[in-house]
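> First, the structure itself, so that you have it in front of you.
No value in this document is a laboratory result; all are computed from the given coordinates. Just so we're clear, the structure is a prediction, and the values are computed from it rather than from any experiment. Here the Cβ positions follow ideal geometry from the backbone for every residue, glycine too, while neighbour counts run over all protein chains shown.
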Amino acid sequence: MANKKPKFAVFKMSSCDGCQLSLLDAEDELLELLGGIELAYFPEASSRMLKGPYDIGLVEGSITTPRNVEEIRQIRKECKILITIGACATAGGIQALRNWKDVKEFTKIVYASPEYISTLNRSLPVSSYVHVDFELRGCPINKYQLIEVLKAFLNHRKPNIATRSVCVDCKLKGNVCVMVARSTPCLGPVTQGGCNALCPSYDRGCFGCYGPMDSTNTSSLAAEFREMGETNYEIMNVFRSYNAYAEPFRKESEANEK
Amino acid sequence: MKTISKDSLDKIIGYLKYKGYKVIGPSVRDGAIIYDEISCIEDLPAGWGDEQEAGHYRLRKRNDGALFGYAAGPQSWKKFLFPGKLKLWEAEKNSKGFEITPANGQFPKYAFIGVRSCELHAVFIQDKVFNNGMFSDTYYNKIRKNIFIAAVNCAEAGKTCFCVSMKTGPKAEEGYDIALTEIINQDEHYFVVDEGTPKGSELMEQIESLTSTEEQLAAADDALKNAESNMGRTLETDGIKSLLYKNHANTVWDQIAKRCLSCANCTMVCPTCFCSNVEDVTDLSGDHTERWRTWDSCFNLDYSKVAGGNFRTSIKARYRQWMTHKLASWIDQFGISGCVGCGRCITWCPVGIDITKEVSNIRKSLKN
Ligand code: SF4
Ligand code: SF4
Ligand code: SF4
């Protein structure tokens, strides 16, 4: 590590804050982390706000407004390494459900004076606008994975973040598969691991929080769900959640629209 | 051959514990029969059987109280000999560079209760992988040489079993300390025991037993015959090596690729699959490093990534690699097939892809 402590910043676009909070939640590691970095900008945690440039910037949230676009371009200029965290920042998040609808209609229904609302038609990941150095998946992200990514970047090595299925973690944990032993639909076989197979460990099917894994065969899994009695509408909804706009999930949900 | 009462099995477990073994056996958990530490006969899945098909598993209540009346479940003994996650060593930075300390001070002494014949063969196969003269895995071998194996002959076969085709069962022929055959009839529940090693005989000296009668031996034979004639599946192994080598471009692979999820479940549950990944993890300061080994799989895209790219980008290439290695190139590599016919990959595939059926599909495609 360089002698001078790397300057670290955390930014937020359109999101719920859950992912940034994972960082605060990493209590034990946080103190150690703070020893190794200079926390220059993290409004959620500290009122101290140092100006850029920053060595590492973490970005939470999707790009949904013209202001987000301006901000993210500026942030990219100020960060040597830009890491996006969470399903919003890496796939557009749950708010990407708007991408299938007319946003103007929504603003008319929700706001008394919609003319003051300036928003984009689609919610998109940060990488649709600027170059991203590393995308950390999850809704929310796993704090151990976040610490691993930070450890890796601080030590100039590749993060050990696997891109394979949830099933591998599920089996490593010794779980009994809910698809096979209970006929519960599970997105594990097409979803990237990272949560340590949280839902299957509690006898539920995976919801796909970590987005598509590196090589998905969603149509085969959807066919299996159909075999298990799910309707096309249900299958569309299963794929259309936190990572709805990640391409393989988007395509599968669209294939089941009718 | 000796005959012991059902309750004597509890004494066997007790004696092994007294001898310092960590006793592992079948138990019911989360709707399946898994392998875990047991402390007495009550922990065994009394009266539980299972119903298995491609992509399907359900526990089923039996009416005979059998302790070993089930077929191979989702887990195998591999998880003890070749753990899914294992710390290999750690290193600390110091003024001279760094110092390495091996991480595995602990080598549990295991007693395995209920090892099926196919599973014994799977252990023999992994022996060739982890101790083959060229390469020896420290952890595996330290554990392996101290295990006590109580095999159990199969009295019934599962719907996805095909050990007869692979010549790995259903009778345990060697490699066990003791082998049990469970017999249940109207008013009796007992085990016929065969001692395989001096270690096994030493244990049996402590257990009350009688010399097996002709009828008891005949009952044990019948149980095995029943399993043998009720195999759920068959796999035609004649000329399998050249069949797979010559059919690299067969369209059957495209058909499989349409269904295969590349989820890696088949390799995780397979008792012979041995692929792993090794990762170094540093702490935040970079002063402390750990090296971990984790199960990996030829179905994981990253697994076949090398400098400059990946040579098995398609799911088709990855499934073909897996099956061809398992059934054909394994023979060239280790002198033995990599498949013991336990059926786990068939049962635990979420979309029910069946290795036996795919072999026959390739054969059929040639006749057309
Ligand atoms: S429960 Fe879901 S994640 Fe776990 S092995 Fe089965 S399909 Fe995969
Ligand atoms: S064969 Fe089945 S278990 Fe194996 S990777 Fe393909 S879908 Fe998964
Ligand atoms: S390939 Fe399938 S049937 Fe053969 S040993 Fe592995 S899991 Fe069992």
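> Please identify, among A:Pro140, A:Pro53, A:Pro212, the residue showing maximal mean-square fluctuation in a Gaussian network model of chain A using a 10 angstrom Cα cutoff.
A:Pro53
> Whole number please: convex hull volume per residue, Cα atoms of region A:1-144, in Å³.
Convex hull of Cα atoms, per residue: 120 Å³.
> As a test of the formula, what do you get for chain A when each DSSP H run with n ≥ 4 contributes -39,500 (n - 2.57) and the sum is divided by the residue count, at 222 nm and rounded to the nearest 500 deg cm²/dmol?
My calculation for chain A gives -10500 deg cm²/dmol from helical runs alone.
> What is the sum of charges around A:Phe225, taking Lys and Arg as +1, Asp and Glu as -1, for the other residues whose C-beta is under 11 Å from the C-beta of A:Phe225?
Working: positive: A:Arg226; negative: A:Glu224, A:Glu227, A:Glu230, A:Glu234, A:Glu252.
Within the 11 Å Cβ shell, the charges total -4.
> A further question follows. Let me confirm one metric for peptide B:293-302, namely the mean number of other chain beta-carbon atoms within 10 Å of its residues' beta-carbons. List each step's numbers first, then the result.
Working: counts 0, 5, 3, 3, 5, 0, 5, 9, 5, 4.
The shielding value for this peptide is 4.
> Based only on Cα atoms, what Rg/Rh ratio does region B:111-158 have, Rh being taken as Kirkwood's radius?
Reported Rg/Rh, Kirkwood definition of Rh: 1.06.
> Quick one: what Rg and Dmax do you get for region B:1-98 from the alpha carbons, in Å?
When restricted to the Cα atoms of region B:1-98, Rg and Dmax are 19.2, 68 Å.
> Over 26 Å between Cα atoms, which of B:Lys11/B:Lys199; B:Lys11/B:Lys167; B:Lys87/B:Lys142 qualify?
Details: B:Lys11/B:Lys199 16 Å; B:Lys11/B:Lys167 33 Å; B:Lys87/B:Lys142 15 Å.
Over 26 Å Cα-Cα: B:Lys11/B:Lys167.
> Under 17 Å Cα-Cα from B:Lys258, which lysines qualify once same-chain neighbours fewer than 8 residues away are excluded?
Straight-distance partners of B:Lys258: A:Lys251, B:Lys316, B:Lys357.
> If you take the charge dipole of chain A about its Cα centre, with +1 on Lys and Arg Cβ and -1 on Asp and Glu Cβ, which of A:Val190, A:Thr64, A:Val178 is farthest toward its positive end?
In chain A, that residue is A:Thr64.
> Something else about it: For region B:170-264, which GluC sites (Glu not before Pro) are in a loop by DSSP, counting at most 16 other Cβ atoms within 10 Å?
Answer in residue order: B:Glu173, B:Glu174, B:Glu208, B:Glu236.
> Go ahead and set up a Gaussian network model of chain B, Cα springs under 10 Å, then flag whichever of B:Gly105, B:Gly47, B:Gly69 fluctuates most.
Greatest mean-square fluctuation among the candidates belongs to B:Gly105.
> If the only charges are +1 at each Lys and Arg Cβ and -1 at each Asp and Glu Cβ, what is the size of the charge dipole of chain A around the Cα centre, to the nearest 20 debye?
I would put it at about 520 debye.
> Right, next: Can you list the equivalent-ellipsoid semi-axes of region A:166-255, largest first and in whole Å, using the square root of 5 times each Cα gyration tensor eigenvalue?
For region A:166-255, the semi-axes come out at 20, 15, 10 Å.
> Top mean-square fluctuation among A:Glu115, A:Glu148, A:Glu135, Gaussian network model of chain A, C-alpha springs under 10 Å?
Per the Cα network of chain A with a 10 Å cutoff, A:Glu115 tops the list.
> Averaged across B:70-81, how many Cβ atoms of other chains sit within 10 Å of each residue's Cβ atom?
Working: counts 0, 0, 0, 2, 7, 3, 0, 0, 0, 3, 0, 0.
Average per residue, whole number: 1.
> Return the Cα extents of the protein assembly as shown along principal axes one, two and three, sorted largest first, each rounded to a whole Å.
Taking the Cα atoms of the protein assembly as shown, the three principal extents are 93, 66, 48 Å.
> Further, regarding this structure: At B:Ile100 and B:Lys367, where each label point lies 7 Å from the Cα along Cα→Cβ, what is the point-to-point distance in nanometres?
5.5
> Please report, to one decimal in angstroms, the Kirkwood hydrodynamic radius of chain B built from all distinct Cα-Cα pairs.
Here the Kirkwood hydrodynamic radius works out to 22.1 Å.
> Mind scanning A:Lys5/A:Lys51; A:Lys7/A:Lys51; B:Lys79/B:Lys128; B:Lys79/B:Lys305 and naming the pairs with a C-alpha gap bigger than 19 Å?
Cα-Cα > 19 Å for B:Lys79/B:Lys305; rest within.
> Report the Stokes-Einstein translational diffusion coefficient (µm² s⁻¹, integer) for chain A, Rh taken as the Kirkwood radius over Cα pairs, at 4 °C with viscosity 1.567 mPa s.
67
> Sticking with this structure for a sec: Starting with the fewest neighbours, write out A:Phe134, B:Phe82 ranked by other beta-carbon atoms found within 10 Å of each beta-carbon.
A:Phe134, B:Phe82
> May I pose another question? What is the ratio of the Cα radius of gyration of region B:236-312 to 2.2 N^0.38 Å, with N the residue count, to two decimals?
Taking N as the residue count of region B:236-312, the ratio is 1.54.
> Considering only C-alpha atoms, what is the centroid distance from region A:26-101 to region B:139-199, in Å?
If you average the Cα positions of each part, the centres end up 58 Å apart.
> When Cβ neighbours within 10 Å are restricted to other protein chains, what is their mean count per residue of peptide A:151-158?
Shielding by partners across A:151-158 averages 4.
> How large is the helix-only mean residue ellipticity at 222 nm for chain B, computed as the sum of -39500 (n - 2.57) over DSSP H runs with n ≥ 4, divided by its residue count, in deg cm²/dmol to the nearest 500?
Computed mean residue ellipticity for chain B: -8500 deg cm²/dmol.
> Picking from B:Ser212, B:Ser242, B:Ser276, whose Cα lies most toward the positive end of the charge dipole for region B:183-336 (charges on Cβ: Lys, Arg +1; Asp, Glu -1)?
Of B:Ser212, B:Ser242, B:Ser276, it is B:Ser242.
> Charges at C-beta only: +1 for Lys and Arg, -1 for Asp and Glu. How large is the resulting dipole of region A:166-255 about its Cα centre, in Debye rounded to 20?
For this selection, approximately 180 debye.
> Distance from a point 7 Å along Cα→Cβ of B:Lys19 to each backbone N in region B:125-154: keep the residues under 20 Å and list them by number.
Hits in region B:125-154 for B:Lys19 at 20 Å: B:141-153.
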